[in-house]
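Novice: Got a structure here, written out as structure tokens. Questions coming.
What follows draws every value from the coordinates through simple rules; no lab data is involved. What you are looking at is a predicted structure, and each value in this text was computed from that prediction instead of being measured. Cβ sites come from the backbone with ideal geometry, for glycine too, and all protein chains shown count toward neighbours.
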Amino acid sequence: MANVTLQNIIKRFGQLTALADVSFEINNGEFFVLLGPTGAGKTTTLRVIAGLERHDAGHVLFDGEPVDHYTPADRDVAFVFQQYSLYPTMTVYDNLAFPLRSPLRRTPEPDIRKRVEETAEKLRISHLLNRKTARLSGGEMQRVSIGRAIVRDPRIFLMDEPLSNLDAKLREALRVELKHLQKTQDSTTLYVTHDQVEALTMADRIAVLNQGRIIQVGTPDDIYDRPSTMFVAQLIGTPGINLFRASRDNGQLQVNDSPIRVPVAASAGELPEQFILGVRPEDVQPEPEGAFTGQIVLIEPLGVETILHIKAGQQTLLSSVSGMTSWRMGDAIRFDIIREHLHYFDPASQRRLLK
Amino acid sequence: MATITLRQVEKKFGDVHAVKPVDLTIHSGEFVVLLGPSGCGKTTTLRMISGLESVTSGDIFLDDRQVTWLHPSERNIAFVFQFFALYPHLTARENIAFPLQAEGAARDTIEKRVKEVVDLLQIGHLLHMKPNKLSGGDKQRVALARSLVRRPAAFLMDEPLGALDADFRERMRAEIKRLHLNQNATTVYVTHDQIEAMAMGDRIVVMSNAEVQQVGTPAEVYYDPANLFVARFIGSPGMNLLYGRYSDGVIHLPGDNRYAAEQSGRSLTRVFPVQGQNGVPDNHYRAPEAWRPALEKQLSGQDVIIGFRPEAAQVTNTAEGQLKAEVYADDMHGAYSMLHLSLGSADMIVHVRASRDLKLPIGAPIQFDLNPEMVRFFDPKTEKALSRGGQHG
């Protein structure tokens, strides 16, 4: 397994700059997620690392060594794509054995059998080994695709939205499997997704990409607790963060058009007069003695949590509480805002204020 | 607004049931969701209510009016589809006004009603635009406005958010629900997305294999699923299901390798004891008092499934608790973290909601308890939930 570095990668397609100066480092054994909306440059980045796309400037290094001029085969990477690229007429066993039977590798058959069986065990597809892949369900096919990548020991795994064709339940189950597998194997993995839940739940570190630029790199905790821009703050978290125009007034933070006034924390002294206040829904909590009052205008019970839409003045706040609740639509509610976790952004630059 | 009643409504294509006989009353002003995987019969049921599909047998009533054999246009029901069928050559305003014009409504009535729905949906700024200039969400708003403008007796919606991206779906979900609260229109809403169903429905009709599995409020289907299908289908992740064996108030579970699981493909069929230290299996769960009579009566000495939701698990101290497991993986979900714990085998994984501060490595041993109020039991043979009264629920 390798440590992979991207240095100032620029990639253009005609007039379009797909990657504008992208740099980051994936540590050996790390699960690194590239997260961004459609067209952000995620897949292009992955293809540049694989050698399937030539970059116009910058360097790709594996363990400190430039691989810019290596062919994809020489880079020794393994792929898992959204579309399962399996041989439908072959059995699961032969599909898994295929990468090991490549003339380049010349692995002896007994070794192949051992590797295939180990891999099947890890992915819990041992009972499918003699089946033709055409006869498998979507989830089983994706397990086999993952198996075909991990059956050998490449320098890095590159995964491009591998779960997005699966239904919600399967996606959840495979997400847990993939994470367990990656952690117990310590394999270096670059995982591309537009799904923030996948990024938060699986990554050791996340790089948020937008319009060909890296916006922020950090652990899921960093990205969630200290988003560097409003874009990142809104991209991460369901339900989404509450953002309000707010102002500083006589030692208080005043949320515009609402009765919400919070005493200024010492650190907030340097805030400009006008700013954007961000509050995560779990930091808006119903409290019998809460400082603020509002009215519940909508309740969305999701099971593991319930989202309350609370109207206070002209503003509506989302509050997320654990489990199901006994609140009813139209109820008056007292709530508090947890001051330790407030986020401040500059309205013009949309950047985080007070790191 | 109307009450919709289905009496023994069924649909067959040849010998195959698309919908087995359904009895259902949708009350005036209620928001009812038909939920299930594709092919379960939910859309066919909706289409029978609308009149787009004929029934094989049974009766449909709108209030006291028998509408079973009426043409869709005679039922005074509005249909909203996944794909917004707007007239491309008309502006948003003309699209919205179209149904009223077709009825020959007076000009000032049209003005007034269009203004009402436009204000309600806050789409005044879109009125002069043609559909090809509108975003997916705005198209759906205009389509909604067009169905609202007729003031129908009921709304039928077939996956209206299916074509939108995740972020937008969430916002439109809240908008449709608020609109409903505002209008109080009887609504039947079809989706395969259980989160949407939970968030929007006053009641949910869970369907599978052409059959109604359960009808209940979101809290009922979530905490008291009628059977294993509902337990697994509702919730993200679904209900945790632990396979064990009941005897004398205690459920013995796999764990510490002293119980082995018998497996057929990916599903567990049975667990059985393997000799442990002193011949005593290590992992067991003491059934809550309230459940013992029912368990004793129905499943004494037999296999049983314990069901609980992720937030029913209590991880107070990782070295205390009735149930013993080890960490298989853990996920950060923003507000909380989800621990995936394995009990004895990788086929027995439970999902437990925990504080984000609890960070444990893979393989770490952990113990936890269950909130006795939130534990349920299922009979693996019938797949049905036990009721505390002792009868199958």
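Novice: Take the Cα coordinates of segment A:4-228, assign each an equal point scatterer, and use the Debye formula without solvent to give log10 I(q)/I(0) at q = 0.09, 0.12, 0.13, 0.17 Å⁻¹.
Specialist: Once normalised to I(0) and log-transformed, intensities are -0.37, -0.66, -0.77, -1.25.
Novice: Still on this structure, please answer the following. Using θ = phi - 60° and the Karplus form 6.51 cos²θ - 1.76 cosθ + 1.60, what ³J(HN,Hα) does each residue of segment A:70-78 get, whole Hz, x for Gly and Pro?
Specialist: Here the 3J(HN,Hα) series is 7, 6, x, 5, 6, 6, 6, 10, 10 Hz.
Novice: Right, something else. Could you tell me the relative contact order of segment A:4-228? Use alpha-carbon pairs under 8 Å, at least six residues apart, and round to a whole percent. Working shown, then result.
Specialist: Working: 408 pairs, mean separation 69.5, N = 225.
That works out to 31 percent.
Novice: Next up: Sticking with the crude label model, points 7 Å out along Cα→Cβ, report the distance from residue B:211 to residue A:270 in nm, one decimal please.
Specialist: 6.7
Novice: Something else about it: Taking springs between alpha-carbon atoms closer than 10 angstrom, which of B:34, B:370, B:253 fluctuates most in the Gaussian network model of chain B?
Specialist: Maximum fluctuation in the GNM of chain B, among the listed residues, is at B:370.
Novice: Then there is this: What residue among B:107, B:245, B:178 has the largest mean-square fluctuation in a Gaussian network model of chain B, using Cα springs under 10 Å?
Specialist: B:107
Novice: Would you please classify the overall shape of segment B:70-110 from the alpha carbon gyration tensor, given that a ≥ b ≥ c denote the square roots of the eigenvalues, rounded means a/c under 1.5, and beyond that prolate means a/b larger than b/c while oblate covers the rest?
Specialist: oblate
Novice: Alpha carbon centre of segment A:124-195 versus segment B:282-360: separation in Å?
Specialist: Using only Cα atoms to place each centre, the spacing works out to 26 Å.
Novice: What distance in nm lies between label points placed 7 Å from Cα along the C-beta direction at residue A:338 and residue A:15?
Specialist: 4.9
Novice: Taking the Cα centre of segment B:1-123 as origin and charging only Cβ (+1 Lys, Arg; -1 Asp, Glu), how large is the dipole, in debye to the nearest 20? Write down the numbers at each step before the final one.
Specialist: Numbers: 13 positive and 15 negative charges, 47 e Å.
Magnitude of the dipole: close to 220 debye.
Novice: Sort out for me the Cα centre separation of segment B:57-114 from segment A:282-354, rounded to whole Å.
Specialist: Centre-to-centre distance over Cα atoms comes out at 38 Å.
Novice: While we're here: R0 = 56 Å: FRET efficiency of residue B:116 with residue A:101, Cβ-based, nearest 0.05?
Specialist: Working: r = 70 Å, r/R0 = 1.24.
Working from the Cβ atoms, E equals 0.20.
Novice: Return the distance in nm (one decimal) between the two label points of a simple spin-label model at residue A:83 and residue A:326, each offset 7 Å from Cα along Cα→Cβ.
Specialist: Result: 5.5 nm between the two label points.
Novice: Let me ask something additional. Expressed as a rounded percentage, what relative contact order does segment B:4-233 have, with Cα pairs under 8 Å and six or more residues apart?
Specialist: Working: 414 pairs, mean separation 66.1, N = 230.
Result for segment B:4-233 is 29 percent.
Novice: Classify chain B: rounded, prolate or oblate, from the alpha-carbon gyration tensor (a ≥ b ≥ c, eigenvalue square roots; a/c under 1.5 rounded; otherwise prolate if a/b is larger than b/c)?
Specialist: Values: a/c = 3.07, a/b = 1.96, b/c = 1.57.
Prolate shape, in that a/c is at least 1.5 and a/b is the bigger ratio.
Novice: Here is a follow-up. Could you give the radius of gyration (one decimal) and Dmax (whole number) of the Cα atoms in the protein assembly as shown, in Å?
Specialist: 28.0, 88
Novice: Suppose only helical runs count, i.e. DSSP H with n ≥ 4. What mean residue ellipticity at 222 nm does that imply for the protein assembly as shown under -39500 (n - 2.57) per run, divided by all residues and rounded to the nearest 500 deg cm²/dmol? Don't jump to the answer; show the numbers that get you there.
Specialist: Values: 18 runs with 177 residues, N = 748.
Value at 222 nm, helices only: -7000 deg cm²/dmol.
Novice: For residue A:295 and residue A:186 in the same chain, what is the full-extension length gain: residue separation times 0.36 nm, less their Cα-Cα distance, in nm? If you can, show how the numbers build up before the last one.
Specialist: Numbers: separation 109, 0.36 × 109 = 39.24 nm, distance 4.95 nm.
34.3 nm is the gain from fully extending residue A:295 to residue A:186.
Novice: A further question follows. Which of the listed residues, B:19, B:70, B:310, is farthest toward the dipole's positive end in the protein assembly as shown, when Lys, Arg count +1 and Asp, Glu count -1 at the beta-carbon?
Specialist: The Cα lying farthest towards the positive end belongs to B:70.
Novice: Between residue A:65 and residue B:322, how high is the FRET efficiency from 1/(1 + (r/R0)^6) when r is the Cβ-Cβ distance and R₀ = 41 Å? Nearest 0.05.
Specialist: Values: r = 54 Å, r/R0 = 1.31.
Approximately 0.15, to the nearest 0.05.
Novice: Using only the alpha carbons, work out the radius of gyration and Dmax of segment A:150-242 in angstrom.
Specialist: 13.9, 46
Novice: P(r) for segment B:4-233: what percent of alpha-carbon pairs falls in each 5 Å bin, starting at zero?
Specialist: P(r) over segment B:4-233, rounded to whole percents: 1, 7, 14, 18, 19, 16, 12, 8, 4, 1, 0, 0.
Novice: Does segment B:132-210 classify as rounded, prolate or oblate by the C-alpha gyration tensor (a ≥ b ≥ c root eigenvalues; a/c under 1.5 gives rounded; else a/b over b/c gives prolate, otherwise oblate)?
Specialist: Values: a/c = 1.72, a/b = 1.18, b/c = 1.45.
Oblate, since a/c reaches 1.5 and b/c is not below a/b.
Novice: I would also like to ask the following. Pop the C-beta distance of residue B:384 and residue B:61 into the FRET formula with R0 = 41 Å and round what comes out to the nearest 0.05.
Specialist: For R0 = 41 Å, the calculated efficiency reads 0.85.
Novice: Where nothing but the Cβ of Lys and Arg (+1) and of Asp and Glu (-1) is charged, how large is the charge dipole of the protein assembly as shown around its Cα centre, in debye to the nearest 20?
Specialist: On the way: 83 positive and 90 negative charges, 300 e Å.
With only Lys, Arg, Asp and Glu charged at Cβ, the dipole is about 1440 debye.
Novice: For chain B, what relative contact order do you get, as a whole percent, if you take Cα pairs closer than 8 Å and at least 6 residues apart? Write down the numbers at each step before the final one.
Specialist: Values: 818 pairs, mean separation 56.6, N = 393.
The value is 14 percent.
Novice: For a quick check, take a GNM of chain B with Cα springs below 10 Å and name the residue from B:246, B:223, B:87 with the largest mean-square fluctuation.
Specialist: B:87
Novice: To one decimal place, what Kirkwood hydrodynamic radius in Å is obtained for segment A:118-174 from all pairs of distinct Cα atoms?
Specialist: Final number for the Kirkwood radius of segment A:118-174 is 12.1 Å.
Novice: Could I ask something else about it? Between segment B:168-217 and segment A:69-114, how far is it from one alpha carbon centroid to the other, in angstrom?
Specialist: Taking the Cα centre of segment A:69-114 as reference, the centre of segment B:168-217 is 46 Å away.
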